[in-house]
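Report on one structure; see the data block that follows.
Readers should treat all values here as calculations from the given coordinates under stated rules, not as data from a laboratory. Given the structure is predicted, the values throughout are model-derived calculations rather than measurements. Heads up, the Cβs are rebuilt from the backbone with ideal geometry, glycines too, and the neighbour counts pull from every protein chain shown.
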Amino acid sequence: MQLDFLGTLQRTHMCGELRPAHDGETVVLMGWVNRRRDHGNLIFLDLRDRSGITQIVLDKEVSALAHSKAEAARPEFVVAVTGKVRKRAAGLENPNMATGEIEIVASELLLLNEAKTPPFSPAEDAIQNEEVRLKYRFIDLRREQMQQSFRMRHAITKAVRDNLSAQGFLEIETPMLTRSTPEGARDFLVPSRVHPGEFYALPQSPQIFKQILMISGFDKYFQIARCFRDEDQRADRQLEFTQIDLEMTFPQQETIFKVVESFLASAFAAAGITITGGFTRMTYDEAIHLYGSDKPDMRLPAMVELTEVLTPELRTTLKIEQGLPALGFLIPAVGELSGTARKALLSEIRTFFGDCGLDLLDTVRLRTNEAFLPLANAIDSKLQPDAVRGDLAVVITPKLGTPAQWNYDPQWIYKRVGLLRLELAKKFADKHGAFTQTGTAADFKFLWVTDFPMYEWNEETKHWDAAHHPFTSPHEDDIKSGALFNDKGSVRALAYDIVLNGMELGSGSIRIHRQDVQAEIFRSLGMSDEEAKSRFGFFLEALEYGTPPHGGIALGLDRIAMLLAGAASLREVIAFPKTAKAIDLMMDAPTPATEHQLRELHLRQSVKS
Ligand code: ASP
């Protein structure tokens with residue numbers, strides 16, 4: 001095929017721009033052939049660029065040459081059109097297109113590049129196979145939906161940058177080749193050619209750098225920062241991801257909350273959502289007791305404690321373990337369940353719990369026995385099921401012999417029941433409609449969770465782990481009371497999470513700014529002074545040169561973009577994501593290194609069989 005050169009031709013407009021007001025103007029458009037319809041002497045090309053689509057008419061009578069080129073054109077060819085804007089005749093407008101009231105009568109068509117028939121057409125809305133989409137990402141990204149998501153992501157990012165700049169934050173870049181930053185995940189290591197046997201680590205976050213920037217007097221820092229964590233993949237996790245990372249000097253928790261609420265309002269406004277509902281506050285303990293989770297989804301009612309309702313006598317009769325919590329919750333508007341549906345639900349719940357000891361207390365059956373009527377009524381009055389809407393009441397009790405702890409976790413019953421609540425919420429989503437996107441602020445329920453525990457017991461290593469990261473400050477009261485030294489499990493951290501619709505958007509903390517406290521925390525985490533010195537010596541030293549109190553937070557930009565785009569996976573809002581198996585299907589990464597590369601890096605490969 002004979003292709004044309006662009007020469008000096010310049011585009012005058014974008015494909016989504018022209019309106020009846022441009023009638024009669026001569027314009028030059030460039031883009032991809034979205035669709036082509038051949039009516040003999042008339043050929044229609046839908047020309048697409050990132051701004052939209054314009055209909056081009058190639059009339060043999062106007063230009064035989066341009067018409068013959070259009071005969072050769074196929075979908076995804078890249079073309080340049082010179083022509084006149086014409087208002088479409090009455091009745092021929094296309095109300096589904098922004099440019100549907102006009103068309104371009106082409107006088108010249110340049111075929112700038114041809115295209116093989118793509119494995120799927122960007123003109124189609126629904127493309128099922130994600131592997132094909134990711135392998136041919138360059139075509140997938142041409143789709144309107146993707147273009148829209150990335151326009152939105154750009155707008156959100158820009159809004160955050162503008163907002164934080166206006167709040168006095170400076171954007172400062174920190175290194176990608178660094179040493180391990182302890183965020184609790186595995187590091188990616190990069191071998192050094194210059195220093196045989198030594199490795200850089202890619203940052204799990206800019207945590208230490210941003211604290212150093214506070215020590216250096218920058219007062220307020222932010223970065224749209226890339227972070228790397230070698231973790232197992234999930235729909236809401238990627239090996240590399242982007243954080244809105246910030247740190248400031250002399251803050252209270254409240255100061256940080258205000259900063260975040262402000263930039264989130266700007267980010268959401270950029271996506272057309274005015275945040276109105278405010279940000280709820282809850283301590284970690286409340287979150288666990290009410291939702292069985294440290295990231296509660298508050299779009300549905302909380303759990304209700306029924307422990308007191310089940311008296312010791314009733315527990316004996318009903319074979320319920322004494323002393324352990326009994327919990328109930330409602331799933332709204334499920335409607336009356338048939339006998340069969342109820343039975344199926346019952347067995348689903350029993351399968352869900354397996355043999356852990358928890359069981360459903362069938363309140364419907366309870367009502368059939370007069371002796372238990374008062375109990376059924378007491379449960380109802382606590383749960384307040386709305387019979388008119390047909391709310392489903394679920395009551396979970398521990399059977400005789402249920403352990404008080406599971407995996408050393410005294411909160412396990414709350415957490416298991418919390419998970420069931422979410423499962424059933426998903427199952428009946430069509431009924432209660434709480435997850436349905438309306439495109440308004442009502443879709444988004446924000447929450448700050450505060451007072452996280454400082455430590456988590458690690459049974460494998462028999463050590464306390466930092467629940468957040470080891471730079472998090474313990475609650476001042478828990479240092480003063482001595483709990484830090486003699487009751488680690490009860491120590492609260494000045495750590496907080498921001499949660500949106502049951503998803504952790506970000507976490508942060510007030511940091512330790514005293515060298516003695518930091519050294520003590522390292523020790524309490526089972527790190528010897530030598531180890532602390534070898535891993536964090538530079539930081540411990542920096543703390544000794546006048547470190548101001550400081551604190552910060554980091555929020556997942558990908559997650560925010562995903563929620564605002566209403567997407568089901570982070571891959572929809574990351575241009576070149578990895579698959580669930582951590583593969584970049586387009587670049588085909590990772591790949592083996594050549595012998596030569598390995599030699600240069602002083603590495604030898606040994607493959608375990
Ligand atoms: N560096 C922390 C993280 O990535 C956030 C923070 O504490 O600011 O989770």
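What does the extension gain come out to for S528 and A21, with contour length at 0.36 nm per residue minus their alpha carbon separation?
175.0 nm
Just tell me which lysines come within less than 22 Å, Cα to Cα, of K581; anything on the same chain fewer than 8 places away is out.
Within the straight-line cut-off, K581 pairs with K135, K608.
Any idea what the dipole of the chain comes to, in debye rounded to 20, about its Cα centre with Lys/Arg Cβ at +1 and Asp/Glu Cβ at -1?
1220
Taking other Cβ within 10 Å of each residue's Cβ, how do T579, T547, T591 sort, fewest first?
T591, T579, T547
Relative to the Cα centre, what is the charge dipole magnitude of the range 357-467, using +1 at the beta carbon of each Lys and Arg, -1 at the beta carbon of each Asp and Glu, and rounding to the nearest 20 debye?
340
State the antiparallel share, in %, of DSSP beta bridges confined to the chain, rounding to the nearest 5.
90
Over 26 Å between Cα atoms: which of K431/K578; K415/K462; K319/K426; K258/K488; K382/K431 fall into that group?
K431/K578; K319/K426; K258/K488
Please report the net charge: other residues with Cβ closer than 13 Å to the Cβ of V309, K and R +1, D and E -1.
-2
Starting from the Cα of K87, draw a straight line to each of the aspartates and glutamates and keep only those under 15 Å, dropping any in the same chain fewer than 8 residues away.
Here the aspartates and glutamates satisfying the reach criterion relative to K87 are E17, D23, E25, E101, E103.
Given the DSSP H assignment, sum -39500 (n - 2.57) over each helix run of at least 4 residues in the chain and divide by its residue total; what's the result at 222 nm in deg cm²/dmol, nearest 500?
After summing the helix terms and dividing by the residues of the chain, the value is -9000 deg cm²/dmol.
Mind checking the full-extension length gain between N369 and R179? Use 0.36 nm per residue of separation minus the Cα-Cα distance, one decimal, nm.
Full extension of this stretch gives 61.8 nm more.
Using the Cα gyration tensor of the range 359-400, with a ≥ b ≥ c the square roots of its eigenvalues, what is the shape: rounded (a/c below 1.5), prolate (a/b larger than b/c) or oblate (neither)?
Oblate shape, in that a/c is at least 1.5 and b/c is the bigger or equal ratio.
Within straight cross-link reach of K69, meaning Cα distance under 18 Å, which aspartates and glutamates are found once same-chain residues fewer than 8 apart are removed?
D4, D38, D46, D59, E61, E108, E114
What does the C-alpha gyration tensor say about the overall shape of the chain? Classify as rounded when a/c is under 1.5, otherwise prolate if a/b is larger than b/c, or oblate.
oblate
Order by neighbour count: E600, E76, E370, fewest other Cβ atoms within 10 Å first, most last. Let's see the in-between values first.
On the way: E600 12, E76 20, E370 7.
Going from least to most buried by this count: E370, E600, E76.
Does the range 484-609 come out rounded, prolate or oblate, given a ≥ b ≥ c as the square roots of the eigenvalues of its C-alpha gyration tensor, rounded meaning a/c under 1.5 and, failing that, prolate meaning a/b above b/c?
Oblate, since a/c reaches 1.5 and b/c is not below a/b.
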